[in-house]
Each structure stands twice: as C-alpha cells, then as structure tokens.
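Inspection log for the structure reproduced underneath, given as structure tokens.
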Amino acid sequence: MTSPANSYSYHPETPPRPGEILKEELDAQQVSQADLARRTGLSTKHINQMIQGVAALTPDTAVLLERATGVAAETWNQLEAAWQTHQSALEDQRKLADKVGWISKFPLPFLKRVNVIEDTEPTLENLKKILAFFGVATPDVAEQAWREYRAAFRRSALVEGDGYSIATWLRLCEIRARGIKCAPYQRERLVAALPELRSLTLRTPDAWQEQLPSRCAELGIALVFIPSLKNTHLSGVTRWLAPDKVMIGLSDRFKTDDTFWFSFFHELGHVLLHGKRLTFLDHRDGSDPADEDSDDESPMLLHGDSKVPGASTQAENEADRFAQTTLIPEVKLQNFLDSFSTPTEQQIVTFARDVGVAPSIVLGRLQHEKRVPWSFGRRLKTSIRFEDVKQLP
C-alpha cells in the first residue's frame, strides 16, 4: 500500500487532476472502482465520474477515501483545491486575454522605468503586472474603483489630465509613502516645526531632498518626491493613509525651487486646515508657463475633495493663503512692496534674507502678483529635478 503520509502533497505548475491520482492509487493497491464503491458506500458511477473529472472530490468524499485507501483526507482536499484553483486561473486568463488592450491607456514607458513591467508590449503578463501594481483584480474592477475615486474630486480635475497617468502617479506616491515609517501625527508638533521647515528653503536641493523627508517622517508625514509624469498636470497630493499618518506627494512639474516650496506648504495647509477624510490633488498655476514641459499645456483648475458645492475651491484658496503667509509674512511683504514698486534683484535678495527664505520664493510671489515679469530674475531660481524612480520599494 502506498504510504498515506503526504504522497501527493506537491505543487507542480500544472497540478494533476484528483481523479488521475485516485486511479493511480487504485491501480497501485489493485482495487477496482466497483470495489472502492463498495468500501465507501458511493456508487460506481460516482467513483468513475470523479476519476474522469466530471464530479468534484468533496471534503465528505475525501474522508471516505481516507478510510478506503489510507491516503489522508487532507491530501485529497489539497489535490482538489489545487486543481480547482488551476481551472479558475485558466478561466481568468481567458477572460483577461480579452482585456489586454486596456493597458495601452497607461504610460507604459514610465511603468517600465519603475520596473512594474519589463517591456511596453500589450501582453497578458504585462496586464497582470499592472493589475498587481494597482492592487486590483480585473480592469473592470479598476475602472469601477476609479470612477468612485474620481467622484471625490471636481470633474475638471481629471478632465484636463489623463486619468490613467494620474492614477499611475498617485499609486506610485502611495506605494512609496506606505513604505515610510512615521511617528504618529500630532497637529501641535507640526505647527511648532513650521519655522524649521521654512528654514530649509535656504538649503541646497541636495540637502533638503535628504533632510525634509526625514523631518516630515518625525512629524507623521510620509513625504515622497516623484518625477512629474506627462499629462498629469499635478504638482502634489495630500492623502491620509491612517488617522495618524498623512502622505504628501510632490512632483517636479515646474522644475524650480520656488514652485516646489509653495506646493509643499500648500499641502501642509491641507494637512493643518482640512479634514482627514479629504484627498487633494494640486496644480500650481502661478509659475511661468515657459518653465513647464512644452507638452503639458492643458490648464487644470485647483481642486479638492468635497460634496459641498464650492467647498473645494475654498479649501484650495485656504491652502494657498496658508502657503503664502507662512513663507512670507504679509505685513513685511506689503512694506517691501510699498517701498519698491519695481524691486531690483538685489533688493529681492536682501528682503529674502531679512525674512529668512530663499530669494526664489520672494521672486515667485512677485511674479505671481505680476509685480515683475516672468522673465525677470531667473538666476535667483534653482532648478529642481527629482531622481528618476528606478524601482519600487
């Protein structure tokens, strides 16, 4: 007799049909199907249907087979489960094969660059990898989830951008952020740290790109820098991952330090001023359009999350105002503007030193308010390019 211990507890790529194993076991024990029927109390027809794969091998039948053959019921159950899982996977593959064209909607070169897929071909394997990246079962499930997700934003937010590229960028932000260990968020600690965070504007990009995420993690903020993705039109995103952990994702869309810092403090405004259930996608429209990628021309309105008409616009205005006043105190700015109707570069540098921020931030504010042209003072700004995201965490 074959040992009942785990005789068939292996897991080949294509698992055997339980009926095949049952026939092998009967042959090895020199037991006929009719004899097995008598031993188990099952009909000969039912035994034959199991062997042919017409009838499933149920848990109750597995118990009977254990007594009649000596092979553990657990083994029969595992064989049946493996076979049924394999059959379900084959059926799933057949269904997915009809959906392969769906992946052409995504920024495939970007997904290849971050090692989600190995090439940009419309293959079943790539479809599976993209579904795994987003953590969804099927394209239909993904579309439904995104329809519900997009309902959280003003429709103009995604009409002006490519929804699939936006979903890709946001997902990468989320994956990165969830991998960051953060201290529990406490509002009071963040408020107290604002002057320190503001002082980092004086550091070089190499310095603050290392120091800022670490300091934010100590404050309960998972800060991630993700390169701008074509057709997303996004500068940043704020999303609460847990009651005591918030994600801020920032892109290098406009490629200058002044717009980066404004976006960062804008997102902090959302964190401090608005509810934890809200998600905000932000587009900065106050920078020189010439600084932006030439293929990123479609405007996108400021937008946030709310079911109350006009509330999202109010939230964005509040976050803008928070960033403006935190970076440059209004009274000092007004005194400066009253003194110099058209300030020189040196006067901007001196004023920035007095208030303790990078000159580019002062220049960007003046440009936004049309006190100086966009072409003025370019040397005061520092170029920002985030490192390419070469692999997922």
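The values are calculated or read from the model by the stated rules, or taken from the named source; none is laboratory data. Not measured: the values here are computed from a predicted model. No Cβ is skipped: glycine too gets one built from the backbone with ideal geometry, and neighbour counts run over all protein chains shown.
Taking segment 70-85 as the range and being assigned to a helix (DSSP H, G or I) and buried (at least 16 other Cβ atoms within 10 Å of the Cβ) as the test, the residues that pass are Ala73, Thr75, Trp76, Asn77, Gln78, Leu79, Glu80, Ala82, Trp83.
Return yes when Asp60 is without any contact (Cβ under 8 Å) to a residue 12 or more places away in the chain and either over 32 Å from the mean Cα position of the chain (by Cα) or not in a helix (DSSP H, G or I) (or both) and no when it is not. When the stated conditions are applied, Asp60 passes them. Cβ separations smaller than 9 Å between residues 6+ apart or across chains give the following pairs from segment 318-336 residues that are assigned by TED's automatic domain parsing to the domain that holds Leu363 to residues that are crowded, with 17+ Cβ neighbours inside 10 Å and among the acidic types (Asp, Glu): Ala319/Glu267; Ala319/Asp282; Ala323/Glu267.
For segment 318-355, residues that are exposed (fewer than 13 other Cβ atoms within 10 Å of the Cβ), of a type in the set (S, T, N, Q) and under 19 Å from Phe262 (Cβ atoms) total 1.
If the condition is being surrounded by fewer than 18 Cβ atoms within 10 Å (Cβ to Cβ) and either assigned to a loop (DSSP other than H, G, I, E, B) or not assigned by TED's automatic domain parsing to the domain that holds Glu80 (or both), then segment 21-57 contributes Gln30, Val31, Ser32, Gly41, Ser43, Gly53, Val54, Ala55, Ala56.
Scanning segment 101-148 for residues that are part of a loop (DSSP other than H, G, I, E, B) and aliphatic (A, V, I, L, M) returns Val114, Val116, Ile117, Val136, Ala137. Find the strands (runs of 3 or more DSSP E) located wholly in segment 152-264 whose residues include 3 or more that are out of contact with any Leu (no Cβ under 6 Å at 6 or more places or on another chain) and of a type in the set (A, V, I, L, M), and list them. Result: 221-225.
Against the criterion of being over 30 Å from Ser228 (Cα atoms) and either surrounded by fewer than 12 Cβ atoms within 10 Å (Cβ to Cβ) or of a type in the set (S, T, N, Q) (or both), Asp98 qualifies. Evaluating Asn126 against the criteria (1) in contact (Cβ under 8 Å) with a residue 12 or more places away in the chain; (2) loosely packed, with under 13 Cβ neighbours inside 10 Å leaves one unmet condition, (2).
Exactly one residue out of Ile117, Ile47 is β-branched (Val, Ile, Thr) and closer than 18 Å to Gly19 by Cα, and it is Ile47. Considering every residue within segment 184-198, establish whether at least one is among the aromatic types (Phe, Trp, Tyr) and modelled with pLDDT of 95 or more. Scanning segment 184-198 turns up at least one residue that is among the aromatic types (Phe, Trp, Tyr) and modelled with pLDDT of 95 or more.
The residues in segment 91-122 that are more than 17 Å from the chain's Cα centre (by Cα) and of a type in the set (Phe, Trp, Tyr) can be counted, and the count is 1. Tell me yes or no: at least one residue of segment 246-264 is more than 25 Å from Asp206 (Cα to Cα) and within 22 Å of the chain's Cα centre (by Cα). Within segment 246-264, not a single residue is more than 25 Å from Asp206 (Cα to Cα) and within 22 Å of the chain's Cα centre (by Cα). One residue stands out among those in segment 136-165 that are at pLDDT below 85 and of a type in the set (A, V, I, L, M): the one that is surrounded by the most Cβ atoms within 10 Å (Cβ to Cβ), which is Ala157. Per this entry, Gly41 is not counted among residues that are among the small types (Gly, Ala, Ser) and either within 25 Å of Pro16 (Cβ to Cβ) or under 25 Å from the mean Cα position of the chain (by Cα) (or both).
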